[in-house]
């Protein structure tokens, strides 16, 4: 999948599943009267891409002298680019590793979302699946051990339809977080490997027997709040009582999932914090101002875009890293 780079200076708000390209405005439009000018670059997690684009648009509206480039390519690319100082921030949808921190990675939690198991909307055992859900043990049997081979085994019926398991081919926070939920690492996940969130969602949409994993921003349509056509989210039977109880039945809309993440009804992981990562604490004034904006006023965009704001104590800690006084 070819990397798409977004020049945000002429971009309207986009749907979470679309990568677009737009051109810069002319030189006159790039001159800021407030004295703040410069270029900022971000790359990395598909999970953060739609929200980062929104932040970039909003910030540039306030500061016309600033140009921001945002590209998606997976959390692995984001952390690599950040540590190589190819970009100002890597967008990373997982916790930082010890080796990355030792190499100078500094993370700033900017939002929270979750990874969900996605299935085709015409799944052969859909009624039973929505009634009973899938347990963590069953997901382990599908994604890790491969012991479960048919949808009948998933819902305990005689259905012989084989399960098609899909995972991510790129190093990414979504797959790493999903694997962590199942007690393993990304490289332990079984299934047909597909690049990127949009690619994996499309693969599940095309395969009636599929189960995959997606960030909620790519499972749900931001405009309607419902799952994308051809996709559904498989409900997780968290308490493992063999049925989806009312308190577990929140997958019909993105807002329902967001509320469940907020109050802890959806497990963490696969709910997780999302980070902007830099090589050391940033010192470039325009980069610092952008991050400061995200950690303050920018948090208002999180819920509107289907994400969750970071708790104030974490925001304060990040601002303190930047040397910003409350």
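The numbers here are math on the coordinates, done by the rules we state, and not lab data. Predicted model only: the values in this text are computed from it and were never measured. So basically every Cβ, Gly included, is an ideal-geometry build from the backbone, and we count neighbours across all protein chains shown.
Let's see how each residue does on (1) surrounded by 16 or more Cβ atoms within 10 Å (Cβ to Cβ); (2) touching a residue at least 40 places away in the same chain (Cβ under 8 Å); (3) more than 30 Å from residue 129 (Cβ to Cβ):
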site	(1), (2), (3)
261	yes, yes, no
275	yes, yes, yes
293	yes, yes, yes
296	no, no, yes
311	no, no, yes
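Selection within the range 242-259: residues that are touching a residue at least 12 places away in the same chain (Cβ under 8 Å) and not in a helix (DSSP H, G or I). The member of this set that is surrounded by the fewest Cβ atoms within 10 Å (Cβ to Cβ) is 242.
Within the range 179-199, residues that are within 17 Å of residue 137 (Cβ to Cβ) reach partners that are outside any helix (DSSP H, G or I) with beta carbons closer than 6 Å, at six or more positions or on different chains, in the pairs 179/185; 179/189; 180/269; 181/269; 181/270; 189/167; 190/146; 190/165. Taking the range 122-241 and the helices (runs of 4 or more DSSP H) fully enclosed by it, the elements with 1 or more residues that are surrounded by fewer than 16 Cβ atoms within 10 Å (Cβ to Cβ) and more than 22 Å from the chain's Cα centre (by Cα) are at 126-132, 136-140. Contact annotation: residue pairs with Cβ atoms under 9 Å, 6 or more positions apart or on different chains, pairing a residue in the range 112-138 that is on the phi > 0 side of the Ramachandran plot with a partner that is assigned to a helix (DSSP H, G or I), are 133/248.
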